[in-house]
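Read-outs throughout are calculated quantities, based only on the coordinates presented, and are distinct from any laboratory measurement. Every value quoted in this text rests on a predicted model; they were computed, and no experiment measured them. Methodologically, a virtual Cβ is constructed for each residue, glycine included, from the backbone with ideal geometry; neighbour enumeration extends over all protein chains shown.
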Amino acid sequence: MIFEVMTEADIDNLTEGESNSLEFKGSRLFERSIDDICKALAKAVSAFANTGGGRLILGVHDGNKTGDRFIDGGIPLDFKRPNTFEWLNNQISALVDPPLQDFSIQVIERKDETSKIEPGRAVIVIDIGDSEQAPHQSTKDLLFYGRLGGKSQPLSHRFIMDIANRRKHPVIDVRIAIDKDDKPPTLRYLVSNVGKIMAHYVIGRLAVPNEFHCLEDTARDMMVESGQVRKGIYFEFKNIAPGRSKVGFVKVVIPFKLPENRLNELCFYWDVSADDAPLLKKKSLFGDLELVT
């Protein structure tokens with residue numbers, strides 16, 4: 001992962017608050033015991049590494065409710081021998097299991113008299129990548145964390161297993177859109193590899209609501225949840241690289257004469273699998289689909 005270098009001005013100009021990719025910790029954390037400090041850092045490192053990566057900024061107070069975020073003097077540069085940077089650089093990797101490899105530490109020191117950083121102190125920026133070795137467990141309380149709702153939260157067993165499988169298999173997502181200007185309208189399905197592993201063979205199916213009329217010769221009856229039978233199509237693609245997508249099309253008749261609230265509640269079902277990855281099953285409401293022209 002390539003990390004962006006920050007300055008004190010960048011810190012001052014930050015407009016966003018804490019999120020799934022950003023967390024602040026004030027300098028008062030470093031007035032607590034070493035065990036408390038390491039436990040707090042391990043929690044944040046585990047969370048970012050497990051769920052997409054992010055940035056931890058030390059020496060900035062963030063009033064989540066009041067919005068009074070400010071540089072609060074900074075972290076002592078000589079907090080631990082030989083210096084705070086070296087101590088953190090040695091600690092970060094060992095705070096989680098397996099040890100973290102993808103991280104970077106920046107030290108922002110006082111530049112002049114106008115600086116909000118006190119002499120002998122610094123704001124420290126720790127960038128953590130979306131780890132290929134996830135899931136990472138905190139070595140301090142033996143929990144697995146993730147960034148959920150802008151906070152570092154303990155992960156459920158199911159979430160942990162999902163992260164573990166994500167690193168071993170391709171991760172495929174399907175997005176559906178309607179091109180209503182086509183005659184007849186076209187249902188587009190975008191099959192994307194959102195993981196980090198090559199998808200050599202992708203197979204899936206897409207079932208449309210019974211209120212739609214599927215015009216494809218290849219349409220087949222398909223059983224979906226609760227034993228319902230829908231018309232739909234099977235699809236397959238080969239060699240979708242990470243970050244890339246392939247698109248397919250289905251001609252349909254859309255029942256626009258239905259009341260809007262009823263139309264928006266109509267449900268599309270799809271499932272997809274890539275190589276030896278577990279089958280993924282999802283559904284999408286018509287009202288949530290992207291309309292393209």
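Considering Cα pairs under 8 angstrom that are at least six residues apart, work out the relative contact order of the stretch 8-166 and quote it in whole percent.
It rounds to 30 percent for the stretch 8-166.
For the chain, the longest principal axis of the C-alpha atoms and the axis of helix 84-94 are separated by about 40°. What whole number of Å gives the distance from the Cα centroid of the stretch 228-254 to the Cα centroid of the stretch 1-58? Centre-to-centre (Cα) distance: 40 Å.
Note on the chain: Kirkwood radius taken over Cα pairs, Stokes-Einstein applied at 10 °C and 1.306 mPa s, translational D equal to 72 µm² s⁻¹.
How about the stretch 51-145: which trypsin sites (Lys or Arg not before Pro) there lie in a loop by DSSP and see at most 13 other Cβ atoms within 10 Å?
65, 111
Relative contact order of the chain, taken over Cα pairs closer than 8 Å and 6 or more residues apart, is 16 percent. Coupling constants for the stretch 213-221 follow from the phi torsions by the Karplus curve (6.51 cos²θ - 1.76 cosθ + 1.60, θ = phi - 60°), and in residue order they are 10, 7, 9, 6, 5, 8, 4, 9, 5 Hz; glycine and proline get x.
For the stretch 101-118, backbone phi angles converted through the Karplus equation (6.51, -1.76, 1.60; θ = phi - 60°) give residue-by-residue couplings of 10, 9, 8, 8, 10, 10, 10, 9, 9, 4, 9, 7, 5, 7, 5, 8, 8, 6 Hz, Gly and Pro being listed as x. Loop-resident trypsin sites (Lys or Arg not before Pro) (DSSP state other than H, G, I, E or B) in the stretch 238-293 with no more than 13 further Cβ atoms inside 10 Å of their Cβ: 244, 257. Between amide H atoms placed 1.01 Å from N, distances below 5 Å from residue 216 occur with 251, all of them 5 or more places distant or on a separate chain. Classify the stretch 8-166 as rounded, prolate or oblate, taking a ≥ b ≥ c as the square roots of the eigenvalues of its Cα gyration tensor: rounded when a/c is under 1.5, otherwise prolate if a/b is larger than b/c and oblate if not. Prolate shape, in that a/c is at least 1.5 and a/b is the bigger ratio. Computed from the Cβ-Cβ distance with R0 of 35 Å, the FRET efficiency linking residue 244 to residue 87 stands at 0.25. Normalising the average separation of contacting C-alpha pairs (under 8 angstrom, six or more residues apart) by the number of residues puts the relative contact order of the stretch 172-292 at 33 percent. Between the helical axis of 34-50 and the dominant principal axis of the chain, each derived from Cα atoms, what acute angle in degrees is found, rounded to the nearest 10? The two axes meet at around 30 degrees. How far is helix 157-166 tilted off the main Cα axis of the chain, in degrees rounded to 10, range 0 to 90? For 157-166 against the chain, the angle is about 80 degrees. Between residue 121 and 77, 110, the built amide H atoms are under 5 Å apart, and every one of these is 5 or more places off in sequence or on another chain. How many lysine pairs are close in the stretch 8-166, with Cα atoms under 23 Å apart and the two 8 or more places apart or on different chains? Number of lysine pairs found: 21.
Around the amide H of residue 150, modelled in the peptide plane, lie the amide H atoms of 20, all under 5 Å away and 5 or more residues distant in sequence or on another chain. Over the chain, dividing the summed -39,500 (n - 2.57) contributions of all DSSP H runs of at least 4 residues by the number of residues returns a 222 nm mean residue ellipticity of -4500 deg cm²/dmol.
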